[in-house]
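Each remark here refers to the structure printed beneath this line.
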Amino acid sequence: MTPVDPVDPGSAASSPDTVGVVGLGAMGLGLATRLAAAGTPLQAYDASPAARDRARAAGLDVVGGVAELAGCATVVLSLPSPAVVRAVVTELAGAGAPTVLDTSTIDPGTARDLSTLLESVGGRYADCPILGRPASIGAWTFPVGGDAEVVARAERVLAPVAKRVVGVGPVGTASTTKLLNNLMLGTINAVTAELLVLAEAAGLDPGTWVDVVVDSGAASVSPLFRDVAARAVDGDFEPTFTVRLMHKDNALALALADELAVPMPTGRAAHLLNVMALAAGHGEEDSIAVLKPLEQVTGHRARRHAD
């Protein structure tokens, strides 16, 4: 059961036009504040007191618990794991029958289970995870798993934060789409870390190597490489997307591959760096902190050389 705070006396009662948001982390807080700024009647909740304080400071109407959002016609989730999503949806289903738009990254099996649960009480569920980084809010793509009616609901509710809302099939297909994307992300992240260490070991200045490649026009340069490689050689590991979340998402993708008997040698090798970095205590740092265990193993520190 999600912990419940005393109700904020400034909170208005939920109405059918009010959108609820549960989960006010890096993505959820940005989503909620953008929706509210666009004029969406909105109430929000997070299990973390610090997250609730940040949301209140941002001007959001923060309620005392998940069940208070069950009167909303639509509740948007932005949560860290399948287990947390399951707990929140179960509580919502026990208190009402909203349409849940789940922007969390979870496995397709959990998405299908939760759809069945909500339908049993007259509600609706759609998996609609975010494709995009926090800074690109407003240009996010949302694949949506669900029928035309729920895709239309997602288009309407998420318009202030979305560039595209795309129906991709039945419930679960959007979660699969996101897991595949994030395994690709994890693989690019891992090989970037490896190449930075190799550049240092080979006698190059990793900073110079990044500068040359980033602006080269080479087909190898992805937006992720452009972001994380430049920050890593400058020693900046402040999280945009943490090692812990990359580990979770890539593990879910590999579990899906195992379930379907699809070998994933490249993805599995990349995930090993997530495991190493998490074990070494770098879980709350940016995903490119997978570089650090490699540096320790090789004895080569991949940072920009002093002039």
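Spin-label pair Val166-Ala37: with each label point 7 Å from Cα along the Cα-Cβ axis, the two points sit 2.6 nm from one another. The string of couplings for segment 210-222 from the Karplus curve (6.51, -1.76, 1.60, θ = phi - 60°) is 4, 4, 5, 6, 4, 9, 7, x, 5, 5, 6, 7, 9 Hz, one whole number per residue in order, with x for Gly and Pro.
With a ≥ b ≥ c taken as the square roots of the eigenvalues of the C-alpha gyration tensor of segment 15-166, please select rounded if a/c is under 1.5 and otherwise prolate if a/b is larger than b/c or oblate if it is not? Because its axes are fairly even, with a/c under 1.5, segment 15-166 counts as rounded. Taking a ≥ b ≥ c as the square roots of the eigenvalues of the alpha-carbon gyration tensor, segment 177-298 is classed prolate because a/c is 1.5 or more and a/b outweighs b/c. Quick check: from the Cα gyration tensor, does the chain come out rounded (a/c under 1.5), prolate or oblate? Cα axes put the chain in the prolate bin. Potential lengthening of the chain between Thr266 and Ala87 amounts to 61.1 nm, from the contour at 0.36 nm per residue minus the alpha-carbon distance.
Each of Ala152 and Thr208 was given a label point 7 Å from its Cα along the Cα-to-Cβ line. The distance between the two points is 6.1 nm. Close amide-amide hydrogen proximity is noted between Val62 and Ala44, each under 5 Å apart and 5 or more residues distant or on a separate chain (H modeled in the peptide plane; Pro and chain starts excluded).
Which whole-number percentage describes the relative contact order of segment 177-298, with Cα contacts under 8 Å and a sequence gap of 6 or more? Kindly include the intermediate steps, with their values, before the conclusion.
Working: 138 pairs, mean separation 46.5, N = 122.
Worked out over segment 177-298, it gives 38 percent.
Gain on full extension, evaluated as 0.36 nm per residue between Asp307 and Ser216 minus their Cα-Cα distance, stands at 30.5 nm.
Taking Lys and Arg as +1 and Asp and Glu as -1, the other residues whose beta-carbon sits under 14 Å from that of Phe225 total -2. Computed from backbone phi with θ = phi - 60° and the Karplus coefficients 6.51, -1.76 and 1.60, the 3J(HN,Hα) list for segment 109-125 is x, 4, 4, 5, 4, 6, 4, 4, 4, 5, 4, 5, 10, x, x, 9, 9 Hz; x is used for glycine and proline.
Hey, with R₀ at 45 Å, roughly what FRET efficiency would Ala159 and Ala279 work out to, going by the Cβ-Cβ distance, to 0.05? Taking R0 as 45 Å, the efficiency between Ala159 and Ala279 is 0.60. Applied to segment 89-103, the Karplus parametrisation 6.51 cos²θ - 1.76 cosθ + 1.60 on θ = phi - 60° returns per-residue 3J(HN,Hα) values of 5, 4, 5, 4, 5, x, 10, x, 9, x, 8, 9, 9, 9, 8 Hz, with x for Gly and Pro.
For Val75, the residues whose amide H sits under 5 Å from its own are Gly20, Thr99, Val100, Leu101, ignoring neighbours fewer than 5 places away on the same chain, with H placed 1.01 Å from N. Residues of segment 266-294 falling in the label zone of Asp234, defined by backbone nitrogen less than 17 Å from a point 7 Å along Cα to beta-carbon, are 286-289. In this structure, the amide hydrogen of Gly167, modeled 1.01 Å from its nitrogen in the peptide plane, lies closer than 5 angstrom to those of Val144, counting only residues at least 5 positions away or on a different chain.
Each value in this text was obtained by applying a stated rule to the coordinates, not by laboratory testing. It should be emphasised that the depicted structure is a prediction, and the values quoted were computed from it without experimental measurement. Here Cβ is always computed from backbone atoms with ideal geometry, including for glycine, and neighbour counts include all displayed protein chains.
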